[in-house]
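The values are calculated or read from the model by the stated rules, or taken from the named source; none is laboratory data. Owing to the predicted nature of the structure, the values given are computational and were not obtained by experimental measurement. Backbone-built Cβ (ideal geometry, glycine too); neighbour counts: all protein chains shown.
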Amino acid sequence: MTDMKSLSLGQRIQALRKQQGLTQEALSEMMDVSPQAVSKWENAQSCPDIMALPRLANCLGVSIDLLLTGADAAATTDVPARKPEELIVRMAVEEPGEVRICINLPFVFFRYAVLYNMLSFTFNADGDEISPATVQALHDLDYKAIVQMIESGVTGKLVDVNDASIKLAIWTE
Amino acid sequence: MKIRIYDPQKDSDKTFWLPTGFLFSKAGMHLLAKSASAQARKDYEKKLETIWRTRDELDVDDLVSLEDVQQAERLDPPITEEQAREMFAALKDSKYLMHGLPLFSLESTKGFRVRIDL
């Protein structure tokens, strides 16, 4: 296990990104920046914008404290949890060497889309799908369980599929 | 709803607007589902390549033909009118949460990009 405290911010971003199984391109897409920007962060040529830190920490699955200092704060302050209605459900699907698709839906809308089976409808049109592996992965997901998890207060990364033919992640922000 | 398409070969992008309500029409929902297919993506890319070479401006008619709409109209609606109204209202009312995030984005390895913002 890497000692995060001994690393520079750029090295820490790189180590955490790899721990999450993300490429620079994948992280850049999640952050809505260019892959070059991520490369510059990791090579200490620039720093992420301060306003981007909450999202970066979320993408890397750590707290802002851990991202910036390499250690979680000893004493933490309880931050009121955001209501599910204030969350965005983010989905990233990547077919390596082909295409990367990101979908960002307000939770309230996502809940309706699940309730009315619109996700299954959209991802399975006329049997002419994105690719069999992708459709299988999307169909294997229990969207109702995802809705329940979010409604019960679970946030952050909810789904993480990573194999040779598909990468699929669902998380909340 | 703003749709922006970037062509890496031209190193330029084109933008056009579509009423968000179109997504919840029968035609809109079937076309959305169709656009998720690999074949449709290739068809659109081909169609766009032609448009890019021949036109300065892009409009909805370039992407959605009368035949597309007529074909969709013959199919069953995936949700009821009431459900469509609920979904449309949910999307409109929570637009402020997006903070610049696109509703949808696609990037192919060739550098072709599509981005849809509310």
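Here are the numbers for this structure:
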read-out	value
Residues satisfying the stated conditions in the range A:16-38, i.e. buried (at least 18 other Cβ atoms within 10 Å of the Cβ) and more than 16 Å from the chain's Cα centre (by Cα)	A:Ala37
Residue selected from the range B:10-24 under the condition crowded, with 19+ Cβ neighbours inside 10 Å and either within 14 Å of another protein chain (Cβ to nearest Cβ) or modelled with pLDDT of 80 or more (or both), by the criterion farthest from the chain's Cα centre (by Cα)	B:Phe24
Contacts under 6 angstrom Cβ, first residue in the range A:88-104 being among the basic types (Lys, Arg), partner in a strand (DSSP E or B), 6 or more apart	A:Arg90/A:Asn104; A:Arg90/A:Trp171; A:Arg100/A:Glu94; A:Arg100/B:Glu107
Residue satisfying all of: in the range B:61-98; within 8 Å of chain A (Cβ to nearest Cβ) and not in a helix (DSSP H, G or I); farthest from A:Phe107 (Cα to Cα) among these	B:Pro78
Meets criteria (farther than 26 Å from B:Leu75 by Cα, within 13 Å of chain B (Cβ to nearest Cβ) and at pLDDT 80 or above) for A:Asn162	no
Test for A:Thr77: is it at pLDDT below 80, more than 30 Å from B:Leu32 (Cα to Cα) and among the hydroxyl-bearing types (Ser, Thr, Tyr)	yes
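Okay, residues lined up against (1) farther than 27 Å from A:Val135 by Cβ; (2) within 17 Å of the chain's Cα centre (by Cα); (3) modelled with pLDDT under 85:
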site: A:Ile13; (1), (2), (3): yes, yes, no
site: A:Cys47; (1), (2), (3): yes, no, no
site: A:Pro54; (1), (2), (3): yes, yes, yes
site: A:Ala92; (1), (2), (3): no, yes, no
